Amino acid sequence: MSNAVSALAGASYDGFARIEDQGLHGMITLRGDLASKEVKAAVKSATGLGMPGQRQALSGKDTAALWMSPDELLLMCPYGDVAAVIEKIETALAGQHFLAVNVSDARTFLRISGAGAREVLAKVCPVDLSPEAFTPGMFRRTRMAQVPAAFWLDEAGAFHLICFRSIADYAFNLLKTSAKPGGEVGYFA
């Protein structure tokens with residue numbers, strides 16, 4: 001049996017922002033009626049968090065609940081806890097119409113931090129990342145250059161980005177290029 005490894009093996013880069021691989025994280029796609037009290041209770045039981053609103057990310061200690069679409073969430077938990085969390089969801093939603101799938105090994109998780117974090121993402125994503133328009137707790141699914149990505153902003157001003165594992169190298173190198181010293185535009189300064 002093989003050991004799971006992060007697609008980027010802990011890679012990091014320091015430019016005018018810091019780009020870093022966050023290693024293995026448990027990720028569960030949960031689809032169902034997000035307005036139902038049963039799904040809300042299952043999310044609370046699985047993550048300790050409430051139901052995120054549209055385009056919102058809720059984060060706890062080692063967990064997150066991310067709004068992906070009107071009937072889909074991405075739940076994050078420690079990598080080794082995924083099977084237990086899915087079992088908890090399945091028990092809570094027995095008899096309900098839902099889907100809970102482990103997508104941990106299909107995704108890469110990156111962190112973009114530092115004073116230039118907004119600018120690094122703004123250079124490659126068609127999202128208004130001004131401090132007035134994109135505040136902590138906001139979540140977006142979008143394009144990052146030519147690939148799909150999703151990200152949210154935490155209270156400390158760091159962005160957390162998820163993309164497909166198959167494009168991890170491309171995503172990391174794109175962000176690294178965007179963060180190279182001398183490439184600052186200074187729009188958010």
Listed by first then second residue, the pairs whose first member lies in the range 159-186 and is free of Cβ contacts under 8 Å to residues at least 60 places away in the same chain, whose partner is surrounded by fewer than 17 Cβ atoms within 10 Å (Cβ to Cβ) and among the aliphatic types (A, V, I, L, M), with beta carbons under 7 Å and at least 6 positions apart or on separate chains, are Cys163/Val147; Phe164/Ala106; Ile167/Val147; Tyr170/Val147; Leu174/Ala145
The residue from Ala65, Ala42, Ala46, Ala35 that alone is over 30 Å from Lys180 (Cβ atoms), more than 15 Å from the chain's Cα centre (by Cα), crowded, with 20+ Cβ neighbours inside 10 Å and at pLDDT 95 or above is Ala42
Please report, ordered by residue number, the strands (runs of 3 or more DSSP E) entirely within the range 118-189 with at least 1 residues that are within 17 Å of Gly15 (Cβ to Cβ). 139-144, 159-164
Residues to consider are Arg118, Arg111; find the one that is touching a strand residue (DSSP E or B) at 6+ places or on another chain (Cβ under 6 Å), of a type outside the set (Val, Ile, Thr) and touching a residue at least 24 places away in the same chain (Cβ under 8 Å). Arg111
Residue tally, condition surrounded by fewer than 22 Cβ atoms within 10 Å (Cβ to Cβ) and modelled with pLDDT of 95 or more, over the range 140-152: 8
The lone exception for Glu155 - which of (1) surrounded by fewer than 16 Cβ atoms within 10 Å (Cβ to Cβ); (2) charged (D, E, K, R); (3) touching a helix residue (DSSP H, G or I) at 6+ places or on another chain (Cβ under 7 Å) it fails: (3)
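The values are calculated or read from the model by the stated rules, or taken from the named source; none is laboratory data. If you're wondering where the values come from, they're calculated on a predicted model, not measured in any experiment. All Cβ positions, even for glycine, are placed from backbone atoms using ideal geometry, and neighbour counts span all protein chains on display.
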